[in-house]
Amino acid sequence: MTAVLIIFSILFGLAIGSFLNVVIYRVPLHMSIAFPPSHCPVCGNKLKWYHNIPILSWVCLRGKCAFCGTRISVRYTIVEGLNAILYLLCYLAFGFNLFLPVAMLFCSALICVAFIDLEHRIIPDSLNIAIALLGIIACLFCNKIPTFEVGWLERLIGGAGAFGLTLLIHYLWIWLFKKDALGGGDIKLLGAAGLVLGWKLTLFSLILASVLGILGILVVSLFKKVDKDDEIPFAPFLAAGMIFALFLGNKIIGLYTGLLG
């Protein structure tokens, strides 16, 4: 039974990953995610069902459109593969319970947030609302799951606290330095994710994201000049921090508090 669920998690993750590519491409452009059906954005030809098999179609087509030969971004396979890996990790980490679909969809939403912000420098409100709804579901039905011991009160404090704290930092930063510290989408994302992760893991993910952001800027600066006025997308680092916190945050916090006695 375990092997069947592992295989199902991977295949389900690949299928949802294919849909995430539609979300990443269409939502920032205010297009319907249902209509028109999948098509080449260059030549407009409707794709056959066998052109939409996750990863396999991209490999067989050698990364090109079957009709016009336009290059297809490798991002599509990265999203599909990453989503499949995270779905497998969700099953292995949390088991088959009510929190499992919440964790899976939370990871999927964060993938969309990261790739959209990376390309368009925005976080659509629809994705933040979807994450908040997952948090509300978690508050109602997923309290103190043995594999993820976060209660409803901790989640409510996480949602309200993360939103309020980052909003305060945002306005203080503007007052002191006359520039934004966090975008409005980042603030909403932290508030929504706080309902899923609880206050401790949300704070953990924010600290980790800040460290990753600094390291990311340092790495980029090795290859090109980074101007102080350049807009750096923070959501990919937040998403990475939140996913890490989801899987390992409680263990690391437990080890840390254990060392402090």
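Quick one: what does P(r) look like for the chain with 10 Å bins over all Cα pairs, in whole %?
P(r) for the chain, in whole percents per bin: 7, 27, 32, 23, 9, 1, 0.
Could you give the dipole magnitude of segment 149-261 about its Cα centre, charging the beta-carbon of Lys and Arg +1 and that of Asp and Glu -1, in debye to the nearest 20?
Around 100 debye, computed over segment 149-261.
Report the full-extension gain for the segment K179 to Y256: residue separation times 0.36 nm, less the Cα-Cα distance, to one decimal in nm.
Stretched fully, the K179-Y256 segment lengthens by 24.2 nm.
Counting pairs on different chains as well as pairs 8 or more places apart, how many Lys pairs in segment 97-261 have Cα atoms under 24 Å apart?
Number of lysine pairs found: 11.
Hey, can you grab everything whose amide H is under 5 Å from the amide H of H39? Only 5+ residues off in sequence or another chain; H modelled, so Pro and N-termini drop out.
Result for H39 returns L47.
With unit charges on the beta carbons (Lys and Arg positive, Asp and Glu negative) and the dipole taken about the Cα centre of the chain, which residue among L11, P37, N143 sits farthest to the positive side?
Value: P37.
Enumerate the calculated ³J(HN,Hα) couplings along segment 93-107 in order (Karplus 6.51 cos²θ - 1.76 cosθ + 1.60, θ = phi - 60°), each rounded to whole Hz, writing x wherever the residue is Gly or Pro.
7, 10, x, 8, 8, 5, 7, 4, x, 5, 5, 4, 5, 4, 4
Could you give each residue of segment 24-29 its phi-based ³J(HN,Hα) in whole Hz, using Karplus coefficients 6.51, -1.76, 1.60 with θ = phi - 60°, and x for Gly or Pro?
Couplings: 4, 7, 8, 4, x, 8 Hz.
I'd like the FRET efficiency for L11 and K224, computed as 1/(1 + (r/R0)^6) with the beta carbon distance as r and R0 of 35 Å, rounded to 0.05.
The pair L11/K224 has a calculated efficiency of 0.30.
Can you list which of the trypsin sites (Lys or Arg not before Pro) found in segment 58-138 are DSSP loop residues with at most 16 other C-beta atoms within 10 Å?
Passing both the DSSP loop test and the Cβ count: R62, R121.
Once amide H atoms are built 1.01 Å from N in the peptide plane, which residues 5 or more positions from I145, or in another chain, come under 5 Å H to H?
Distant-sequence amide H within range of I145: V150.
Give the average over all directions of the projected area of the C-alpha convex hull of segment 76-186, one decimal, in nm².
The orientation-averaged projected area of the Cα hull of segment 76-186 comes to 7.9 nm².
None of the figures in this text is laboratory data; all of them are computed from the coordinates on show. Quantities reported herein were computed from a predicted structural model and do not represent experimental measurements. Quick reminder, even Gly has a Cβ in these numbers, built from the backbone with ideal geometry, and neighbours come from all protein chains shown.
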